1. Being touching a residue at least 12 places away in the same chain (Cβ under 8 Å), under 24 Å from Arg109 (Cβ atoms), among the small types (Gly, Ala, Ser) and surrounded by fewer than 18 Cβ atoms within 10 Å (Cβ to Cβ), is that true of even one residue in the range 121-136?
2. What is the number of the single condition among (1) more than 16 Å from the chain's Cα centre (by Cα); (2) at positive phi that Arg98 does not meet?
3. Name every residue in the range 69-113 that is basic (Lys, Arg) and either free of Cβ contacts under 8 Å to residues at least 24 places away in the same chain or touching a strand residue (DSSP E or B) at 6+ places or on another chain (Cβ under 6 Å) (or both), in order of residue number.
4. Mind checking whether some residue in the range 142-152 is assigned to a strand (DSSP E or B) and in contact (Cβ under 8 Å) with a residue 60 or more places away in the chain?
5. Have a look at Leu134, Leu185 and point out the one that is of a type in the set (A, V, I, L, M, F, W, C) and within 21 Å of the chain's Cα centre (by Cα).
6. Could you check how many residues of the range 193-216 are in a loop (DSSP other than H, G, I, E, B), surrounded by fewer than 17 Cβ atoms within 10 Å (Cβ to Cβ) and at pLDDT 70 or above?
7. Quick one: would you say Lys61 is assigned to a helix (DSSP H, G or I) and either over 16 Å from the mean Cα position of the chain (by Cα) or under 25 Å from His162 (Cβ atoms) (or both)?
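The values are calculated or read from the model by the stated rules, or taken from the named source; none is laboratory data. Please read these numbers as outputs of a predicted model, since none were measured by experiment. Using ideal geometry, Cβ is built from the backbone for each residue, glycine included, and neighbour counts are taken over all protein chains shown.
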Amino acid sequence: MHGDCLSPVDRALRGVGSVALARLGQWQDDDDLDYVEGHGMLGDFKEPATRTVYVRVRCRKCARCLAHKRRLWTARAMDEVRWSMRTWFGTLTVSPERRFQATMLADKRVSNTRCESLSSLSSVERTRAIARELQPEVTRWMKRVRKASRAQLRYLLVCEPHKDEFPHFHLLLHERGQPVAKRTLEEKWSYGFSNFRLVPAGEVAHVGYVCKYISKSAMTRVRASRRYGQPAGLIRNAAKQ
Ligand SMILES: [Zn+2]
């Protein structure tokens with residue numbers, strides 16, 4: 001489960017033990033377990049009621065985990081590009097007034113929920129708190145674009161901090177069916193600067209440009225359409241059209 005991670009962590013999972021394993025005698029040495037008695041096709045059995053299993057998983061922070069995450073999302077994005085009519089690469093940034101507003105909102109939320117001020121948080125937590133206030137605006141932007149263009153759109157959104165910690169967004173927007181105009185994409189973002197350009201046909205390598213941000217830091221957050229890069233998402237989408 002932990003792949004090539006440099007510092008894997010152990011996670012506890014609790015679950016019901018299986019009769020098959022109990023019959024194989026795998027539980028016999030464990031005195032701490034509760035057993036459920038019952039009848040099966042092969043006669044009486046004793047089945048452990050619950051069991052805790054420790055699973056070693058990725059830390060999601062080390063260089064190898066970040067590289068793994070980037071490879072995973074790059075592969076998904078490339079498939080989405082192949083399955084789409086066209087794909088846009090875009091950047092959304094936030095204007096100084098909106099920055100001020102989002103920072104105030106984040107500060108208010110942090111003081112209400114944690115009794116701390118935004119400035120007392122670590123830079124990672126601060127960026128995350130501000131990004132949280134901006135996410136709904138990205139959702140509203142997406143809704144406005146969908147409404148104006150009547151297009152079926154799939155997306156991969158990466159939130160990345162500027163040098164000054166303030167977050168901005170990079171995204172891939174995949175057109176299924178109806179095309180979207182560049183002007184629509186840019187006009188509907190009212191929070192600051194936006195720029196969109198088409199990923200040239202057949203040049204899926206451009207996808208790496210968005211995905212490279214994913215491996216730049218553990219602070220980077222990814223948001224995507226449901227079942228992004230999975231054939232199930234494609235089938236579901238095709239059925240809808
Ligand atoms: Zn790791």
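1. Step one: of the range 121-136, the residues touching a residue at least 12 places away in the same chain (Cβ under 8 Å) are 123-124, 126-135.
Pick out the ones that are also under 24 Å from Arg109 (Cβ atoms) and you get 123-124, 126-135.
With the extra rule that they be among the small types (Gly, Ala, Ser), the set shrinks to 123, 129, 131.
Right, trim to surrounded by fewer than 18 Cβ atoms within 10 Å (Cβ to Cβ) and you get 123.
Yes, there is a match, as at least one residue in the range 121-136 is touching a residue at least 12 places away in the same chain (Cβ under 8 Å), under 24 Å from Arg109 (Cβ atoms), among the small types (Gly, Ala, Ser) and surrounded by fewer than 18 Cβ atoms within 10 Å (Cβ to Cβ).
2. Just one mismatch for Arg98, condition (2).
3. Those that are basic (Lys, Arg) and either free of Cβ contacts under 8 Å to residues at least 24 places away in the same chain or touching a strand residue (DSSP E or B) at 6+ places or on another chain (Cβ under 6 Å) (or both): Arg71, Arg86, Lys108.
4. yes
5. Answer to the selection: Leu134.
6. Residues in the range 193-216 being in a loop (DSSP other than H, G, I, E, B), surrounded by fewer than 17 Cβ atoms within 10 Å (Cβ to Cβ) and at pLDDT 70 or above: 4 in total.
7. It is false that Lys61 is assigned to a helix (DSSP H, G or I) and either over 16 Å from the mean Cα position of the chain (by Cα) or under 25 Å from His162 (Cβ atoms) (or both).
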